[in-house]
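These notes concern the structure reproduced below.
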Amino acid sequence: MAEKPVLSRSSVTECEGVSELEGGADHRPSNGKTRWYKQTFDPAVAKHPERDAAFITGSSTPVDPLYTREDLADRNLSYDTDIGYPGEFPYTRGIHPSGYRGKLWTMRQFAGFGTAEDSNERYLRLLEMGQTGLSVAFHHPTLVGRDSDELIARGEVGKQGVAIDSLADMETLFDQIPLEQVTTSMTINHPACVLLCMYVAAGQKKGIAPRDLAGTIQNDVLKEFIAQKTFVFPPLPAMRIMGDVIEWCTAEMPRWNWVSVSGYHIREAGSTAAQELAFTLRDGMEYVQAGLDRGLDIDSFAPRLSFFFIAHNDLFEEVAKYRAARKLWARYMRDRYGAKSPRSWWIRFHTQTAGSTLLDRQPRNNVMRVTLQALAAVMGGTQSLHTNALDETIALPTEENALIALRTQQVIAHESGVANTVDPLGGSYYIESLTADIEEEAEEIFTKIDELGGMVSAIDNGYPQREIQEAAYQYQKEIEQNQRIIVGQNDFLGEMGEPVNYLYIDDTVEEKQVERLAALRRRRDAAEVERTLEAVRCAAGSDVNLMPAILEAVHAYATVGEICGAMRDVFGEYHEQPIF
Amino acid sequence: MVSAAREPKPVLPLSEKGPEKHIRVLVAKPGLDGHDRGAKIVARALRDAGMEVIYAGLRQTPEMVVKAAVQEDVDVIGLSIHSGAHNYILERVAELLKEHDAEDIGLVVGGIIPDRDVERLQGLGVDAIFPPGTTTTEIIKFIRQRMGEVAT
């Protein structure tokens, strides 16, 4: 067994001279931790060894047996400048002065399956059960800018999200839902410009102006290349479209978050917590630069930049990650980009519990995993939260399992007491040390990406992809070598557990959707479709903003596949160089 | 197909054996989704276990998979499917393998496969389905056994 690697920090302090620290001309606290190790901890451990050779976080970082005020001194942490107060720079403790005492987080369950009718029915039910925001999951053909009747979509229609091919489907999806009252989040990236226009058009048909629509579109084009991989366009055109969306939304949709910069998929692809944070914030900085490059005032568009993180298993590490995120973003926005409005300094984020941590063995245990992860998100100050259903690893959730997931949030909100005070873990020696360490690690990654020439060059270089892959392999090895225990996977196996009911999407959904699309193609004005698609092609080939042309094509009932196709004609299509 | 060796084998990691003994595996990720974490981990683990791995990557159609498998003369095809399209993809792969007279190529699948589809897929000639939580050790062991080698 390897020797304990974890006591290095206190030994560094010791080398600096115990007497000076104890004599304390610099007012650092006396070095009690070193003394405690020597006098109390080491003899006790010599008698009763610890149960593991090394204790590590979810990201494989060594954890000390104890954190004390010396750890804060070692990191030069000052309460006023590093931790501070909620609602004040650097926002480590939260962006709202009263935390959840004023308003709870938005309980926003990601949902979508089958046809637009199927999902509409689920949304109406979720709203009736007390959910406070909608979140649309599109099926994969839509995510990659293809239609349900294309060969490449075979077998995937309506399976992992809702099939949306045209404005007609979007109208059905939001039937009877008051779009001026709900906030809607849409997970779509390279085709975001098209789906946003479909949402806008659906609103216009109900008599609601774009400026009255509130919500978020993921539109995080860069993380597609390093994690989620539902890319369509190469990086440079993708960033050009991003610029168009920023410009258009800033002018037309003041209540709309035009991006949700996402760490969720980066972590699900296997990164560490610090990598998730660093790659996400660095992607965010590229989008800020894209807005600046359009000549926009930073404070006109940066407040509508939102984020999306994961809540993984290690509760303290996750809380530290959210705190470090707030602090870093505020500092970079103010000092690197010169934002003056506090709203530009705020990092507002959605959180989802980690799908990849759920098991199909003993599936009911997933409820406990989700609860702990959700607790981390809440204690970390998330603005909105999706809790995964226990059957997430097998299928999309059944209504029953989706309800348990929502109820989990309601129990945390109203019964646990964690929402009573702001940043309840703030001031914990462990949490503050972890927050500082993650912040430092993220900044090292920023430097590396800056040296590579920014995120687009780093992606071309393969740097984030390699880092994520390496971390994923490491995590898997830790499980297979039993250095990391997963209940029901490599220990406490017991029985498989009673199988749970799950949602099964059969192939009739595909038949229905393909038929519906064929009917649409027959009834729409083909010449108008062709004319508006040509206008999209034209806009793509010039430096005119694409959004007005796309909106017009959407109103003519051109499909996702056709509009993305027109853009593919000009921009080309991205193909990944597979590396492993 | 490598025949089962009956005589005692020297205890050597596979990577140190002659190249003629290497098991060749095509790892591909059909479907439109980007969940390639599992496929990449498995590809790397198989390579570390001494197999020759051809990693085809994302968005592979059944036609692309079978073409590559035949061209590369692989022993086993490993497909990672998370998109829910497993029934369509595997039916088509099985059909194409038959057309190419390549049914001796092993076919293993990992990812999200609902229980109710398992029997149907086995009927198509899928040799193994590895659900989430399967270790790379289990996968390596299965492939070696499938190839008639003594599992280490």
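Scan segment A:256-263 and tell me whether some residue there is farther than 24 Å from A:R323 by Cα and in the same structural domain as A:K321 (by TED's automatic domain parsing).
yes
For A:E552, indicate whether it is open to solvent by 30 Å² or more (accessible area, probe 1.4 Å), under 28 Å from the mean Cα position of the chain (by Cα) and at pLDDT 95 or above.
No.
Considering only residues that are away from chain A (no Cβ under 14 Å) and not in a helix (DSSP H, G or I), which ones fall in segment B:78-108?
B:H100, B:D101, B:A102, B:E103, B:D104, B:I105, B:G106, B:L107, B:V108
What pairs come up if the first residue lies in segment A:95-109 and is closer than 16 Å to A:I347 by Cα, the second is crowded, with 21+ Cβ neighbours inside 10 Å and hydrophobic (A, V, I, L, M, F, W, C), and their beta carbons are under 6 Å apart, counting only those six or more places apart or on different chains?
A:I95/A:W346; A:W105/A:L385
Mind listing whichever residues of segment B:43-52 are in contact (Cβ under 8 Å) with a residue 40 or more places away in the chain and facing chain A (nearest Cβ under 9 Å)?
If the condition is that a residue be in contact (Cβ under 8 Å) with a residue 40 or more places away in the chain and facing chain A (nearest Cβ under 9 Å), then B:A45 is the only one that fits.
Given A:E515, A:E495, A:E478, A:E510, which one is without any contact (Cβ under 8 Å) to a residue 12 or more places away in the chain and acidic (D, E)?
A:E515
Could you please find all residues in segment A:36-69 being modelled with pLDDT under 95 and open to solvent by less than 40 Å² (accessible area, probe 1.4 Å)?
A:A53 - this is the single residue of segment A:36-69 that is modelled with pLDDT under 95 and open to solvent by less than 40 Å² (accessible area, probe 1.4 Å).
Please verify whether A:G381 is more than 14 Å from chain B (Cβ to nearest Cβ), surrounded by fewer than 24 Cβ atoms within 10 Å (Cβ to Cβ), on the phi > 0 side of the Ramachandran plot and at pLDDT 95 or above, treating the condition exactly as stated.
no
Of the residues A:A518, A:A442, which is modelled with pLDDT of 95 or more and farther than 30 Å from B:R44 by Cβ?
Answer to the check: A:A518.
Which helices (runs of 4 or more DSSP H) sit wholly inside segment A:135-250 and have at least 3 residues that are more than 14 Å from chain B (Cβ to nearest Cβ)?
A:167-173, A:192-205
Could you tell me whether any residue of segment B:55-77 is over 30 Å from A:Y574 (Cβ atoms), away from chain A (no Cβ under 13 Å), open to solvent by 20 Å² or more (accessible area, probe 1.4 Å) and assigned to a helix (DSSP H, G or I)?
no
The values are calculated or read from the model by the stated rules, or taken from the named source; none is laboratory data. What you see is a predicted model, and the numbers here were worked out from it, not measured in a lab. In this analysis, Cβ positions are derived from the backbone assuming ideal geometry, glycine residues included, and neighbour counts consider all displayed protein chains. Note: accessible area is taken over every heavy atom of the protein model, side chains too, but ligands, DNA and RNA are not part of it. Shrake-Rupley method; radii C 1.70, N 1.55, O 1.52, S 1.80 Å.
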